[in-house]
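I have placed the structure first, in the form of structure tokens, so that the comments after it can refer back to it.
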Amino acid sequence: MTLYLIATLLASALLAVALGDAGQPSPAVWGLPLLPALAWAALRVGAERPVAPLPHGHSDTAGQPLTHFALHSGQPALLADGGHIANANQALLRTLGLEGRGDELIGMPLDNIVHPKHHSRLTALLAAETASGDAGVITLLRADGVPWLARLSLFRGDRSPVALLQFGAPADLPDAGPDRQWGNRLAHFAGEILFALDSQLLVTWLNPQWEKASGRPVADSLFLPFLPLFHLEDRAALTKGLRQLQAGERDTLTLEVRTLAGRALGPRWVELRAWPLDLPAGGEAGIVGMLLDIDQRRRHEEALRAQRRSLHTMLDNLPGMIYRGQNDKHWTMEFVSEGCFELTGYTPLELVDNQSARFADLIHPEDRDFVWNYVQMRLTRRERYELSYRIIDRDGQTRWVWEQGRGIHSSRGEFLGLEGFITDVSSSRGAQEEARRRLFFDNAAGLLSFSLFLDRLQHLFRHAPIAGYPFALFHLAVDALDGIQAEHGPAMAERVMVESGKRLRVVHSDCNGAARHGDGFAVLIADFRPETLAWAGTCDAAPASEAGLHHLATALAGLIERPLRIDGHTINVGARVGIAPAPSSCVDAAALLAEAVSAPSSLPRCRTSPCDSAGYRG
């Protein structure tokens, strides 16, 4: 405008000079240059009078007094027309954080700067024609999303729909100093989601991290309920904790919950930390807090728990027990697996820390020194130890166990304890012991090994029916072995069997033989010639007939029942004899032998010869 006035003044001066040179001087001509000056003065006077924007569709006189009051009021104020903002003063713009952006506010719906929970109340206040004066407390929203509780005063103009809304200045509006700037930066660039809730648990503020984590704009998430953002199973505990914060029953809340607002298809674990916040001027309690992403950590923990469950399942299914213990005379256990119950009869709680039983007391008294010395020798050499020994379980039964373990040391060489595995080997140990006994017996007694005897019996079982030659199978069960073992010990019972077996060597020939079977003997007769059966005495009946077989059974029992003299002791035993049935009733040699074992022992005596003197015992 200044350039325009200067240009006009120059043009007027040149026009006056031109007219004067033309010979037409006049006072009016020389007054032309004064016209721009007069116009400039008039514009300056008009500019000093403020002109407010008018409500849409209304005359200047309708809302002029309210407009003038609003623009010149020191309190935040605005003019509302039909639910829209017609004008707003600088105090309100500063309060809302919209200073310098007043043009954006003109024409905007009034609901845009009012909290949703007060929309209906504001609509009722504007609809009431007589409403004027103090209208109570209402919640406005700043541009940064922070709610502001202010006391509202409402005034109406005469014969005008325009209303003046004046708000009480906030008592503790944050300043724009360095602290406020740093706070905004931290909230903006923080890696965690920061949030604020009102008294109704509606979201009133979120930092930009929310959009990065959820993919939802912050503006679309404001003033929505907070609880539906979380998994249904977690809402009850979360609601209870937040309400306790509002009621002052607790100072802080920390919960691990699953959020449904993430970019992932499924729920995501977060750690929620929240604190109460007193909302000004309303007497209500809001909540501020943060959400920390812990989904990766929780998944690692779940995987670790799954691995531990698998490990425990594997340990519990092992046929034995895993242990960790101390190297002391009591063999104190610090950990034992569930397999200890099947092995010892004691539960882990009873064995750990010697609560009800000490493992050292379970070891057989004859093996305790051996176990201690052997383990100490291996530990001194820092070697693994493997050994077998006996334990006595809770029921008093003796079990053979096999143990493997090693010493545990720290990185600096300090001894920490023992770790190992113990399992029951009674069955295999028994088989080994039985094999050892058989080998010793066969060598000492001079009888056939049982495997060779069974092979010979199987051959006869298959070929005798085809070739048409007879054979007989006897089983001699030796009585009184249990009594001998109880009185004189297992070594004496074993010697009785050896000496009794030596007496059966007279049966042996190219086709006949005897072998030990359990606590008795099995005798196979396939050669019925008199010279091979001389040990049985004479009998008028045919050797392969029923009477002849009974005669042989009586003679075998007589061999076993003769008194034995061992280490100055006279030992008397009895024998029960069983004869196998016809081969046609059995499927193989093993079944034939089983029938001989279970055959009745009440055999008739042969009364046609002196064989009665053999003394058969049925």
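Might you tell me the accessible area per residue for the stretch 198-305, computed with a 1.4 Å probe and given in Å²?
Value returned for the stretch 198-305: 53 Å² of accessible area per residue.
Obtain the nm distance between the two label points defined at Ser509 and Ile106 by a simple spin-label model: each point lies 7 Å from its Cα along the Cα-to-C-beta direction.
In this crude spin-label approximation the distance works out to 13.9 nm.
Quick one: compute a quarter of the convex hull surface over the Cα atoms of the stretch 327-486 and quote it in nm².
That works out to 15.2 nm², a quarter of the Cα hull's surface.
Treat each spin label as a single point 7 Å out from the Cα along the C-beta direction, and report the Leu311 to Ser585 distance in nm.
Result for the modelled spin labels: 6.2 nm.
Separation between the Gln90 and Val597 pseudo-spin-labels, each 7 Å from Cα along Cα→Cβ, expressed in nm?
Going by the 7 Å Cα→Cβ label model, 11.5 nm.
Can you list the HN-Hα couplings for the stretch 541-551, worked out from phi with the Karplus curve (6.51, -1.76, 1.60; θ = phi - 60°), rounded to whole Hz and with x for Gly and Pro?
Taking θ as phi minus 60°, the curve returns 6, 5, x, 8, 6, 4, 5, x, 5, 5, 4 Hz for the stretch 541-551.
Sequence-distant or interchain residues sharing an amide H contact under 5 Å with Thr204, placed H: which?
Placed amide hydrogens put Ala196, Leu197, Asp198, Phe223 under 5 Å from Thr204.
With every protein chain kept in place and ligands, DNA and RNA left out, what is the accessible area per residue of the stretch 388-518? Probe 1.4 Å, answer in Å².
51
Whole-Hz ³J(HN,Hα) for each residue in the stretch 338-344, computed from phi via Karplus 6.51 cos²θ - 1.76 cosθ + 1.60 with θ = phi - 60°, x for glycine and proline: what do you get?
After applying 6.51 cos²θ - 1.76 cosθ + 1.60, I find 5, x, 5, 5, 5, 7, 10 Hz.
The values are calculated or read from the model by the stated rules, or taken from the named source; none is laboratory data. On a predicted model such as this, the values are computed, not experimentally measured, just so you know. So basically every Cβ, Gly included, is an ideal-geometry build from the backbone, and we count neighbours across all protein chains shown. Protein only, heavy atoms only, side chains kept; ligands, DNA and RNA dropped before computing areas. Shrake-Rupley method; radii C 1.70, N 1.55, O 1.52, S 1.80 Å.
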